[in-house]
Amino acid sequence: MTVLPDDGLSLAAEFPDATREQWQSLVEGVLRKTGRDVTGPAAEEALATTLQDGLTTRPLYTAEDTPGDSGYPGFAPFTRGGRPEGGAVAGWDVRQRHTRPDPVRTNEAVLADLENGATSLWLGVGAAGVPVSGLATALDGVLLDLAPVALDAGDEFAPAARELLKLYDERGVARDQARGTLGADPVAQLARTGRETAGGTEEAAGLAALCHREYPGLRAICVDALPYHEAGASDAQELGCSLATGVGWLRDLTAAGLSVEAACGQLEFRYAATADQFLTIAKLRAARRLWARVAEVCGAPAAGAQRQHAVTSSVMMTRRDPWVNMLRTTVAALAAGLGGADAVTVLPFDHTLGLPDDFSRRIARNTSTILLEESHLGRVIDPAGGSWYVERLTDDLAHAAWAWFQEIERAGGQRAALRDGLIGERISATWRERSEKLARRREPITGVSEFPQLAQVPVERDPAPEPPGGGLPVVRRDEAYEALRARSDAHLAATGARPRVFLAALGPAAAHTARATFAASLFQAGGIEPVHEPMSVDADTAAEAFTRSGAAVACLCSSDALYTEHAAPVAAALKSVGALRVFLAGRPGEHRDTYLEAGVDEFVVAGGDAVAVLTSVLDRMGVA
């Protein structure tokens, strides 16, 4: 190792090192200006952000926060990657998903993807896509020794696997050249449907043994954590469930005669990647570290390199303004790649609307292509490694996931915890907490709860296969707002107009613009169209303007100072001409009783329950 001499050119050489106490002192001064008199560590804690799973993001990290040595890429504990070279040679595997039931059209899409940037296929079979009998047609013209295939066949994983293996033989693919995963995953089916796949464990174990003996490039089993993420699980819950599932498979496969090393080699893990890039990076790094610990305890530390398939989250995708999904999936794909995923699937931006078209599939595969070929993200191994923040977040998430994994194990393992309802109940509680934040717009959804576009033409797609039901639910971040918008759409179809709100702006634009913008975004999130003319009213003009607008409710928008003078008489005027509900944008302060007596019914503020307000308004308007 070469030690560079001190050339005296360090830009910071003449400056003393700053201390944490000095930084806290500066923070104290800033917080004091906001009316918060805190000192020392309390000043730092005031800027911290609480995440799910009891995790906290602090405003400042130093070398003191580093939890310990995270090792080297390709070596236990594999936190920094499962392979020494990472993705530096070929990048990550660009795995495109296909679920269209028509084998001929699927084949057209498959060939187009492989010719234009995709490097492997994730193929829905049976109820999830093409019928098993159509697998040969769907893969017609595909060079199976070059393009890995990952099957997703649900209960039909065994016949689908046999059909694919038959295709390898019929097309002359040497068994040691076959690549991909057969996708046997009866545990995920139990999570999705609430029922066991008959003979699933035995069939999966048999396929694993066959792959180990004759197909060294194939993995038989997928440990799919998506059902838990899609039900609303936190990152630690998703990791803990995947860990418990993987441990269950080690028990089953070793009982069937495989060694621990061979059993580990038959598993591929699937995780969700979200637009929270740092949590996604930390989750994938923590997943590898946790699985390495399992392999170590089982006596096979060298076999603990977890193979990961990351899929951009369907929970974060929106049905309204779906074009914004391109931005979400780009950040998620970036995070998955930087986090060290071996394969990355970018779901098309229209995924929640039905089957994707050619354009959306092109955008999905090109997202990875641009990140790899133009941004060169694969050229650096574990680029987030060494970041004090990322290392601490990885460690905290790993500990939270391990605690949940241990609880599942105490309950009898993943299958037992699913059957007994432990997992469903815990995930449901987590989603309720998150739903509260979504309802209050503390977790904003661009294009849905913030900056919605009521006039946007809906995007229509062919219907996708219905997902199986009966097990864990499938949630969406936009579901509460989507229900409100659906009511507005039905009202528009029935009457020719959307429900309307009159924004009673008081005073000049400088006084009312901020709150009028806030109110317009709030009501549009529920499909209620703001009426802006006239932009400014007073007690003498408000009644006539409101009547002319055709709105049923009104919202006062202005500064606190102008509210003191004008809010009461304007509210009274609006009530006098039949306003069903009069809102005031902002906090009333000491004038609350005065405003209520004059006719203001409710105050809408940042952080308030937007879903409850909008639901109540539509109910009062008679919008079903």
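Please find the FRET efficiency linking A416 to A48, where r is the Cβ-Cβ separation and R0 is fixed at 35 Å, and quote it to the nearest 0.05. Numbers along the way, then the final one.
Numbers: r = 37 Å, r/R0 = 1.06.
About 0.40, to the nearest 0.05.
Sort the following peptides by mean Cβ neighbour count (other Cβ atoms within 10 Å, averaged over residues), highest first: 208-221, 416-429.
On the way: 208-221: 20.4, 416-429: 17.5.
Put in order of decreasing packing, that is 208-221, 416-429.
Over the range 139-295, calculate the relative contact order: mean separation of alpha carbon pairs under 8 Å at least 6 apart, over the residue count, as a percent.
Values: 205 pairs, mean separation 31.7, N = 157.
Averaging sequence separation for qualifying contacts and normalising by length gives 20 percent for the range 139-295.
Using just the alpha carbons, could you tell me how many Å³ per residue the convex hull of the range 453-528 encloses? Write down the numbers at each step before the final one.
On the way: hull volume 10.0 nm³, N = 76.
Each residue corresponds to 132 Å³ of Cα convex hull volume.
Sorted by packing (mean other beta-carbon atoms within 10 Å per residue), highest first, where do 267-278, 431-442, 49-60, 173-184 land? Write down the numbers at each step before the final one.
Numbers: 267-278: 22.7, 431-442: 16.0, 49-60: 14.3, 173-184: 21.0.
Descending packing order for the listed peptides: 267-278, 173-184, 431-442, 49-60.
Relative contact order for the chain: what is it in percent, counting Cα pairs under 8 Å that are at least 6 residues apart? It would help to have the intermediate numbers written out before the result.
Numbers: 1185 pairs, mean separation 79.6, N = 624.
It rounds to 13 percent for the chain.
In sequence order, what are the phi-derived ³J(HN,Hα) couplings for the range 330-345 according to the Karplus relation 6.51 cos²θ - 1.76 cosθ + 1.60 with θ = phi - 60°, rounded to whole Hz, with x for glycine and proline?
Result, rounded to whole Hz: 5, 5, 5, 5, 4, 5, 4, x, 5, x, x, 4, 6, 10, 10, 10.
Could you quote the convex hull projected area for the range 119-263, Cα atoms only and averaged over all directions, in nm²?
Details: hull surface 34.9 nm².
Value for the range 119-263: 8.7 nm².
Arranged from highest to lowest average of other beta-carbon atoms within 10 Å per residue, in what order do the peptides 126-136, 497-507 appear?
Numbers: 126-136: 20.3, 497-507: 22.8.
Packing proxy ranking, top to bottom: 497-507, 126-136.
If you consider only alpha-carbon coordinates, what radius of gyration and Dmax does the range 235-364 have, in Å?
Looking at the range 235-364, its Cα Rg and Dmax stand at 16.7, 52 Å.
Kirkwood hydrodynamic radius of the range 1-140 from all distinct Cα pairs, in Å? If you can, show how the numbers build up before the last one.
Numbers: mean 1/r = 0.0461 Å⁻¹.
About 21.7 Å, per the Kirkwood formula over Cα pairs.
Once you have the Kirkwood Rh of the chain from its Cα pairs, apply Stokes-Einstein at 37 °C and 0.692 mPa s and quote D in µm²/s.
Working: Rh = 27.2 Å.
Using the Kirkwood radius from Cα pairs, D works out to 121 µm²/s.
Once you charge only the Cβ atoms, +1 for Lys and Arg and -1 for Asp and Glu, what is the size of the charge dipole of the chain about its Cα centre, to the nearest 20 debye? The partial results should precede the final answer.
Details: 60 positive and 82 negative charges, 162 e Å.
Charge dipole of the chain: 780 debye, to the nearest 20.
Helix-only estimate, please: 222 nm mean residue ellipticity of the chain, summing -39500 (n - 2.57) across DSSP H runs of length 4 or more and dividing by its residues, to the nearest 500.
Values: 22 runs with 275 residues, N = 624.
Counting only the DSSP helices, I get -14000 deg cm²/dmol.
What does DSSP give for the chain in terms of the percent of beta bridges that are antiparallel, rounded to the nearest 5?
Details: 2 of 46 bridges.
Around 5 percent antiparallel, to the nearest 5.
At q = 0.13, 0.15, 0.19, 0.21 Å⁻¹, what log₁₀ I(q)/I(0) does the range 519-624 have when each alpha carbon counts as one equal point scatterer in the Debye sum?
Ignoring solvent entirely, the Cα scatterers give -0.43, -0.58, -0.96, -1.19.
What are the equivalent ellipsoid semi-axes of the range 294-358, built from the alpha-carbon gyration tensor (square roots of five times its eigenvalues), in whole angstrom, biggest first? Intermediate results must be reported in sequence, preceding the final value.
Values: eigenvalues 215, 24, 18 Å².
Its equivalent ellipsoid spans semi-axes of 33, 11, 9 Å.
Output the relative contact order of the range 481-621, whole-number percent, from Cα pairs under 8 angstrom with separation of 6+ residues. Write out the running numbers ahead of the final one.
Working: 237 pairs, mean separation 35.1, N = 141.
About 25 percent, as a whole number.
Values in this text are rule-based calculations from the coordinates and carry no lab data. Keep in mind that this is a model prediction, so the values were computed, not measured. Every residue, glycine among them, receives a Cβ derived from its backbone with ideal geometry; neighbour counts consider all protein chains shown.
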